[in-house]
Amino acid sequence: MLTDLCKKMFGKSLWLFHTNCGACNGCDIEVIDVLTPYYDVERFGMKLVGSPRHADALVISGSVSRQVAPALRRLYEATPDPKVVIAVGSCAVGGNIWFDTYNVLGGADKVVPVNVYIPGCPPRPEAIVYGAALALGLVPKKVQAQHEQHLPAGFDLDEYLKKWEGIPAVTR
Amino acid sequence: MFKSKLKEAIICLGAGRVTLNYPFEPAPVPPKFRGKIEFDARKCIACGGCANVCPPRCIVIEDIGEVAKITFYLDRCIQCARCYEVCPENAIWPTEEFETATPDKADLRSEMTVWMSSCQRCGRCFEYDNAIDKFESKRWRGRGPGEANKHGIFPTKPPIEFMPRGPLVREAEKER
């Protein structure tokens, strides 16, 4: 549904506003790399603009620190609707190695709603192009969660986990 | 000046088209590329080495009695492949998959559940139908005291109270 809406709303060109919310510049350099002739994301009509009021999409990189969170919120509100929020890099997606630090909120989705997550530290330029194409609805989603179990035959996991419900994790 | 411009134009024409036609064509990755990690629950012995070295703590092991539940928070994975380096059973490895962009964060949360059988003597868990089954061992694989296996009869001495016991062991003790 989101992709259909995106195709309708952002059919022509998507203007990006890139914000660094405490990134190490790794993701920023990859975002710049995407704009070079080699990857050339301007094929899809994307270009960087200088003001959030001109932008259709916010590109967030960096683990969102507490200092920058209100500013990011204001930035999100300044972007006209409809808008797409793209989180680039492991920091903006899940907080990276600072996910539980005191001064980091651990992901851009704690502050603003995020539409497309592009994990990687930093993501390859191709991965960012893929994420941009996914936001536009040009390519299908490929990644899936992997759930594996190796249990004896006839073992009821849910029944077993129920037995341990009240017991604190330290004594397990 | 005109000459240099002409030279530049010739160089630019000679270069041809450099732009990759990427999302419509597959992009090959360089050798030794580290992408999204994958794992095999049949090989895992839940030793916790990967969780110990993971810099962003994206691998979390939870021991629930005889079951080890391993959660992979791939949203904060930095693809350092240190888990691959330490894994003694090669149960986890980096793939060449980099197209991990997704609109749903739940796609980046993988889970693995491994059953660990507990030792009849100390109540601690050890790996199940893995390394022990691979080589001929003189350890006790019988069901409990008084029962025979190919190495003899299990001593009828009660197991030492060493670790808190799981419900399976407690039930087994009640039956005895």
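Readers should treat all values here as calculations from the given coordinates under stated rules, not as data from a laboratory. All figures in this text were calculated on a predicted structure; none of them were measured in a lab. Reconstructed Cβ throughout: ideal geometry from the backbone, glycine too, with neighbour counts over all protein chains shown.
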If R0 = 51 Å, then B:N21 and A:I167, at their Cβ-Cβ distance, give a FRET efficiency to the nearest 0.05 of 0.35
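From the helices alone, meaning DSSP H stretches of at least four residues, give me the mean residue ellipticity at 222 nm for chain A, per-run term -39500 (n - 2.57), in deg cm²/dmol to the nearest 500. Write out the running numbers ahead of the final one.
Numbers: 6 runs with 52 residues, N = 172.
Estimated from H runs of four or more residues: -8500 deg cm²/dmol.
Give me the dipole magnitude in Debye, nearest 20, for chain A about the Cα centre, with unit charges on the beta carbon: positive for Lys and Arg, negative for Asp and Glu.
On the way: 17 positive and 17 negative charges, 89 e Å.
Dipole magnitude for chain A comes out near 420 debye.
Over 18 Å between Cα atoms, which of A:K110/B:K69; A:K47/A:K83; A:K110/B:K36; A:K47/B:K36 qualify? It would help to have the intermediate numbers written out before the result.
Working: A:K110/B:K69 26 Å; A:K47/A:K83 15 Å; A:K110/B:K36 24 Å; A:K47/B:K36 28 Å.
Pairs exceeding 18 Å: A:K110/B:K69; A:K110/B:K36; A:K47/B:K36.
Could you work out the equivalent-ellipsoid semi-axes for chain A, taking the square root of 5 times each eigenvalue of the Cα gyration tensor, largest first, in whole Å?
Numbers: eigenvalues 245, 86, 49 Å².
Square roots of five times the eigenvalues give 35, 21, 16 Å.
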How are the alpha carbon pair distances in region B:1-55 distributed across 10 Å bins from zero to the largest one, expressed in percent?
15, 21, 19, 18, 11, 11, 6, 0
Arranged by the count of other C-beta atoms within 10 angstrom, fewest first, what order do B:S117, A:S13, B:S4, A:S90 take?
B:S4, A:S13, B:S117, A:S90
tail above 22 Å in the computed P(r) of region A:73-172, as % of all Cα-Cα pairs, reads 54
Under the 7 Å Cα-to-Cβ spin-label approximation, B:V53 and B:W93 lie apart by a distance in nanometres of 1.6
Bin width 10 Å, origin at 0, all Cα-Cα pairs of region B:68-119: what percent of pairs per bin?
19, 48, 26, 6, 1
Expected-Rg normalisation [2.2 N^0.38 Å, Cα atoms] applied to region B:40-101:
1.11
Could you list A:R124, B:R57 in order of exposure, starting from the residue whose Cβ has the fewest other Cβ atoms within 10 Å?
B:R57, A:R124
How far is the Cα center of region B:66-108 from the Cα center of region B:1-63, in Å?
16
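If R₀ is 30 angstrom, what is the calculated FRET efficiency for the pair A:N103 and A:Y38, using the beta carbon separation as r and rounding to 0.05? Numbers along the way, then the final one.
Working: r = 36 Å, r/R0 = 1.21.
Efficiency, rounded to the nearest 0.05: 0.25.
Rounded if a/c is under 1.5, else prolate if a/b is larger than b/c, else oblate: which is region A:9-71, with a ≥ b ≥ c the root eigenvalues of its Cα gyration tensor? Display every interim value, and only then the final one.
Working: a/c = 2.99, a/b = 1.40, b/c = 2.13.
It comes out oblate by the Cα gyration axes.
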